[in-house]
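Presented below is the structure to which this report refers.
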Amino acid sequence: MSAATWTCTSCTFINEKPHAVTCEICATARAGTVIDLTDEDDDSLQTALALSLSENPSAVNDIDNGTAGPSFFEENNVKREISPGEDPSPSPSSTTIAPEPSLSFSRAELERQRLARLAKKRPLESDAEDSSVLQSSKHARTSSSTIPSSSNKCWDGRVSLTYIRSHPKSNHVKFEDVVSKQGLTKAFFAASQIDQSWLMSHLPPTVKLVVAHSDRPRNLPPWETSLIVDKKTCLLFPPMSPEVSYGLMHIKLFILFYEDSIRVVIGSANLVGYDWEKLENVVWYQDFPLRSRLADAVVDVDNDELRDDDNGFLGQLISVLQEMGADQIIRSVRKGDFSKANASLILSRPGIHRSSKCGLPALPHVTRRLVKLPREKQKYEVTYVTGSLGRLNWGLVRDFVKGAVGDEILQAEKGKSKGKDNENDAGLRILFPTEKTVKKSTLGVQGAGTICFHPSNFTPSFPISILHDGISARRGTLMHAKMAVCLPKSTPTAAEIEVCDVKDADGWCYLGSHNMTAAAWGSRVREGWKIANWELGVVLPCRAIAQSIGTDEGKKIPVPWETPLKAYEAGDKPHMKAFEDL
């Protein structure tokens, strides 16, 4: 191995950037380095540093007895429940609690480190020149609008593929297109992998943050689900279930609060540059206007009753946030008008469930609400691209196909359905790359660290007949997307797909964080339905349109895979990597 390269201690990826402080694949901090912010203008950094340093240190201990009060987003505090027998006054130990992982979001420390590094890098003789440049930059920023123009808003929603450096295209989005700095006042981010310095470089220094992830500090009391870093930053740790022995907070959800609107973003990309520049991911986002003051006066935004907005989206979103423990942002979310949402959410929550509210059992309820599908499953087919594969079996395949066409799953008989397990008309085609495809890709095997299939899962009973090679339409690109499209089998291969009204839909499209694994969707157990991971996706009503007709670019659903699909041939094996069953 070259002296200029280094191996990640977490995922074993060989990084080629000698000065990188985090792994390009998993964002794990490089051993012996300190994560800090990427280069920014001095005045922005000084502003952020001043804000951090001026904060009252006692804000970290702003913990009371759980009485009603403003949320973290509305004021600079977070409320929590005091455990039985606990002294409600702050204890010395609680004042020093700090995250042990590299994801600390300590803004003051990050800014100190960056300013110190900039001072060392900048020659003294260039001070005058730098000063004039900074003044010019500052003037340019202050003279421009701080609120995104209406042309940048996406009021009807949009599905996009992420930008790839090697395949630049105008209709592929960059992170800064989805998460705009301008006018951003508050933000909620949830992801399983977060490169702190990369994320903060894309945000204004004054933004209030709630960040949900699974890297829970070991010294955080077990009854705590959140941690205040400073007056503008709160870390959230969605609870895992004692009923499962493993699991992951795998949700990719961003809620962005601007001065005139709220943007909701759901997709398959983590908060790391690698996912937004090198791997192919998919993202859905939609802007929602704020309610008028008159509407807020009529509707109590503090009321615990969930308002449906005539379509249920707001109620679903608030339910997801409540399950995750993100009560800090619910009041702000309720200020949005979600009446134009043409989508439904599907959540997976760790635990053993006896109802159809989570995971795969929730799919038929969502699909029945969005589109009237006939019960004959052989008339429909689901194409599903996944970033990771689990220990699949024909039982899970049958359950997924049932849910796809609106048939109940949880109440179904546990016995095997009639017919052969290896029938070719199973109604499900799974796209996952072969060893050959990964080796021939631009990133190669070393770049496929988060495209996982454990060798022990490839058993003789694995349903290999439904596997198709995961070849991207952007040749040489590795697909990290999690996306499923259900359409009539008679749909022409070359047809385009667009989002449509429910009354015009003949199918549906899912995209989000769910891989095709039992950990994500769940599996049958004696007590009910067992789910290991936190997952979230969005389901949209859609229809197929002939290419000769064309689609409205804003409504088009760009599928990442190459058509026609290529089934696994004799001797083909899926790309295998021993990693978590995501």
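The values are calculated or read from the model by the stated rules, or taken from the named source; none is laboratory data. Keep in mind that this is a model prediction, so the values were computed, not measured. Glycine gets a Cβ as well: all are built from the backbone with ideal geometry, and neighbour counts include every protein chain shown. The protein model used for the area step is the full one, side chains on, heavy atoms only, and it has no ligands, DNA or RNA in it. Shrake-Rupley method; radii C 1.70, N 1.55, O 1.52, S 1.80 Å.
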**Item:** Count of the stretch 393-418 residues which are modelled with pLDDT of 80 or more, among the acidic types (Asp, Glu) and within 26 Å of Pro460 (Cβ to Cβ)
**Value:** 1
**Request:** Please tell me if Glu496 is surrounded by fewer than 22 Cβ atoms within 10 Å (Cβ to Cβ), under 30 Å from Arg349 (Cα atoms) and modelled with pLDDT under 90.
**Result:** no
**Message:** What's the number of the only condition in (1) over 22 Å from Thr450 (Cβ atoms); (2) part of a helix (DSSP H, G or I); (3) of a type in the set (Gly, Ala, Ser) that Ser197 fails to meet?
**Reply:** (1)
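Yes or no, residue by residue, for (1) open to solvent by less than 10 Å² (accessible area, probe 1.4 Å); (2) within 30 Å of Arg526 (Cα to Cα):
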| site | (1), (2) |
| --- | --- |
| Pro217 | yes, no |
| Pro221 | no, no |
| Glu243 | no, yes |
| Gly247 | no, yes |
| Leu253 | yes, no |
| Val265 | yes, no |
| Lys278 | no, no |
| Gln286 | yes, no |
**Request:** Sort out which residues of the stretch 227-255 are of a type outside the set (Phe, Trp, Tyr) and touching a Lys or Arg at 6+ places or on another chain (Cβ under 7 Å), and write them in order of number.
**Result:** Asp230, Lys232, Thr233, Val244
**Asked** Would you call Ser456 at pLDDT below 90, open to solvent by 10 Å² or more (accessible area, probe 1.4 Å), more than 20 Å from His365 (Cα to Cα) and more than 27 Å from the chain's Cα centre (by Cα)?
**Response** yes
**Item:** Residue in the stretch 339-354 that is modelled with the highest pLDDT, counting only those that are out of contact with any helix residue (DSSP H, G or I) (no Cβ under 6 Å at 6 or more places or on another chain), within 23 Å of Leu248 (Cα to Cα) and open to solvent by 20 Å² or more (accessible area, probe 1.4 Å)
**Value:** Ile352
**Prompt:** On the given criteria, is Val272 surrounded by 24 or more Cβ atoms within 10 Å (Cβ to Cβ), within 24 Å of Lys340 (Cβ to Cβ), touching a residue at least 40 places away in the same chain (Cβ under 8 Å) and not basic (Lys, Arg)?
**Reply:** no
**Asked** Which residues, counting only those in the stretch 438-453, are polar (S, T, N, Q) and open to solvent by 60 Å² or more (accessible area, probe 1.4 Å)?
**Response** Thr442, Gln446
**Message:** Take residues that are closer than 28 Å to Ser261 by Cβ and in contact (Cβ under 8 Å) with a residue 24 or more places away in the chain and tell me which of the strands (runs of 3 or more DSSP E) falling wholly in the stretch 325-412 contain 1 or more.
**Reply:** 344-348
**Message:** If a residue counts only when it is of a type in the set (Phe, Trp, Tyr), which strands (runs of 3 or more DSSP E) contained entirely in the stretch 421-514 have at least 1 such residues?
**Reply:** 428-432, 507-512
**Residue tally, condition buried (at least 21 other Cβ atoms within 10 Å of the Cβ) and among the acidic types (Asp, Glu), over the stretch 355-411** = 2
**Complete:** By residue number, the members of the stretch 154-165 that are assigned to a loop (DSSP other than H, G, I, E, B), modelled with pLDDT of 90 or more and charged (D, E, K, R) are Asp156
